[in-house]
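K.L.:
Before I ask anything, here is the structure I am working with.
The values are calculated or read from the model by the stated rules, or taken from the named source; none is laboratory data. Everything numeric here is computed off the predicted structure, so don't read it as measured data. Note that we place each Cβ from the backbone using ideal geometry, even for glycine, and neighbour counts take in every protein chain shown. For accessibility, only protein heavy atoms count, side chains too; no ligands or nucleic acids. Shrake-Rupley method; radii C 1.70, N 1.55, O 1.52, S 1.80 Å.
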Amino acid sequence: MNSKQAVICDIDGVILHNNKLIPGADLFVHRLIEQGTPLLFVTNYPGQTAKDLQNRFQAAGVNVPEACFYTSAMATAAFLTRQEGRKVYVIGEGALTHELYMAGFTITDIDPDFVVVGETRNYNWNMIQQAAQFVDQGARFIATNPDTHGPHMYPACGALCAPIERMTGRQPFYVGKPSAWIMRAALNKMQAHSDQTIIIGDNLRTDILAGFQAGLETVLVLSGVSKIADIDKVPFRPNHIFESVVDIDLV
């Protein structure tokens, strides 16, 4: 690996645990920025804007430009702009709604073209019923990411999609990792090529699989979800394995 390569990096489990800095991660990030290495933090979590994430990093002692963040909500809005239809029924928080508004979509519960599911703590029976009805009537079913749960087993997007899937018999298109879509969108945002980009992540089934499917060099760090024993459980292998980002040397 060398500093001329662009870097796509996950956030939780790689740079931060919740809002606490993983020791040494700030030095790694600041070194990349000082070297001029193209850097983009790509997260499946759709509940925060790029500005929110920048503030979260700053609170942990990591100074990163707002332009260095890319979320599944941003990728979802970018994906939908390439589809026909501009009316969206949304299950999600304000950050997802914000990205869709910014992309020119109307948020509505009247004859939507899309049902978009993100993450929210306010999920309820009416949302399930209405989303399922719209999907059954022909609205296209889109989800920001396939994650089923986060730390402490809080329900994530994939779990919120499950009852709608069971009721309608239709699966959503998942925009976030490991989808190749979000990787191509991230590369386009960076103006980088896959053969000159590495992805650093802590999850074999999202970060590393996404990198593998998009043709990126992959780096697994063991500071988050996946451990050494998990590697034998998947049919692909990361190119590199480190205990944490502090051990990665891009020169």
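K.L.:
Go ahead and estimate [θ] at 222 nm for the chain from helices alone: -39,500 (n - 2.57) per DSSP H run with n ≥ 4, summed, over the residue count, rounded to 500. Don't skip to the end; give the middle numbers.
P.N.:
On the way: 8 runs with 80 residues, N = 251.
Result for the chain, helices only: -9500 deg cm²/dmol.
K.L.:
Using a Förster distance of 25 angstrom, determine the FRET efficiency expected from the C-beta separation of K227 and H17, and round it to 0.05. Write down the numbers at each step before the final one.
P.N.:
On the way: r = 15 Å, r/R0 = 0.60.
Computed FRET efficiency for K227 and H17 comes out at 0.95.
K.L.:
Just how much of H17 is accessible, in Å², when a 1.4 Å probe is used and the result is rounded to the nearest 10?
P.N.:
That residue has around 90 Å² of solvent-accessible surface.
K.L.:
For a bin width of 5 Å, list the pair-distance distribution of the range 95-173 built from all Cα-Cα distances, rounded to whole %.
P.N.:
Using 5 Å bins, I get a P(r) of 3, 15, 26, 27, 19, 8, 2, 0 for the range 95-173.
K.L.:
Relative to the longest principal Cα axis of the chain, at what angle does helix 25-35 sit, 0 to 90 degrees, rounded to 10?
P.N.:
For 25-35 against the chain, the angle is about 80 degrees.
K.L.:
Further question: For the range 42-166, report the % of Cα-Cα distances exceeding 19 Å.
P.N.:
Details: 3680 of 7750 pairs.
Roughly 47 percent, once rounded to a whole number.
K.L.:
To test your reading of the geometry: what angle, between 0 and 90 degrees and rounded to tens, separates the Cα axis of helix 50-59 from the longest principal axis of the chain?
P.N.:
40 degrees
K.L.:
While we're looking at this one, here's another question. For the range 79-138, which trypsin sites (Lys or Arg not before Pro) are both in a DSSP coil and crowded by at most 16 other Cβ atoms within 10 Å? Walk me through the numbers on the way to the answer.
P.N.:
Values: sites: R82, R86, K87, R121; in loops: R82, R86, R121.
For trypsin sites (Lys or Arg not before Pro) across the range 79-138 that sit outside H, G, I, E and B with at most 16 neighbouring Cβ atoms in 10 Å, the list reads R82, R86, R121.
K.L.:
Antiparallel DSSP bridges in the range 108-251: what percent, to the nearest 5?
P.N.:
Antiparallel bridges: around 5 percent, rounded to the nearest 5.
K.L.:
Run through the DSSP bridge list for the chain and note the antiparallel percent, rounded to the nearest 5.
P.N.:
Close to 10 percent.
K.L.:
Of T81, I182, I198, which is farthest along the charge dipole of the chain in the positive direction, counting Lys and Arg as +1 and Asp and Glu as -1 at C-beta?
P.N.:
Positive-most Cα among the choices belongs to T81.
K.L.:
Another question, then. Can you pick out the pairs among K20/K233; K20/K177; K189/K233; K20/K51 whose Cα atoms lie more than 26 Å from each other? If you can, show how the numbers build up before the last one.
P.N.:
Numbers: K20/K233 29 Å; K20/K177 23 Å; K189/K233 33 Å; K20/K51 18 Å.
Checking Cα-Cα distances, K20/K233; K189/K233 exceed 26 Å.
K.L.:
Okay, next question. Provide the gained length on full extension for the span E34 to A67, in nm with one decimal, where the gain is 0.36 nm per separating residue minus the Cα-Cα distance.
P.N.:
Details: separation 33, 0.36 × 33 = 11.88 nm, distance 1.57 nm.
Stretched out fully, the E34 to A67 stretch lengthens by 10.3 nm.
K.L.:
Please give the Cα centre distance for the range 192-233 versus the range 55-101, rounded to the nearest Å.
P.N.:
22 Å
K.L.:
In Å², and per residue, what accessible area does the chain have when probed at 1.4 Å with the other protein chains present?
P.N.:
On the way: 11660 Å² over 251 residues.
Here the per-residue accessible area is 46 Å².
K.L.:
Under unit Cβ charges (Lys, Arg +1; Asp, Glu -1), what dipole magnitude, rounded to 20 debye, does the chain have relative to its Cα centre? Provide the component values of the computation, followed by the final result.
P.N.:
Details: 19 positive and 25 negative charges, 59 e Å.
With only Lys, Arg, Asp and Glu charged at Cβ, the dipole is about 280 debye.
K.L.:
Can you check what the net charge comes to around A162, using other residues whose Cβ is under 15 Å from the Cβ of A162 (Lys, Arg +1; Asp, Glu -1)? Kindly include the intermediate steps, with their values, before the conclusion.
P.N.:
On the way: positive: R166, R170; negative: E119, D147, E165.
Surrounding charge for A162 is -1.
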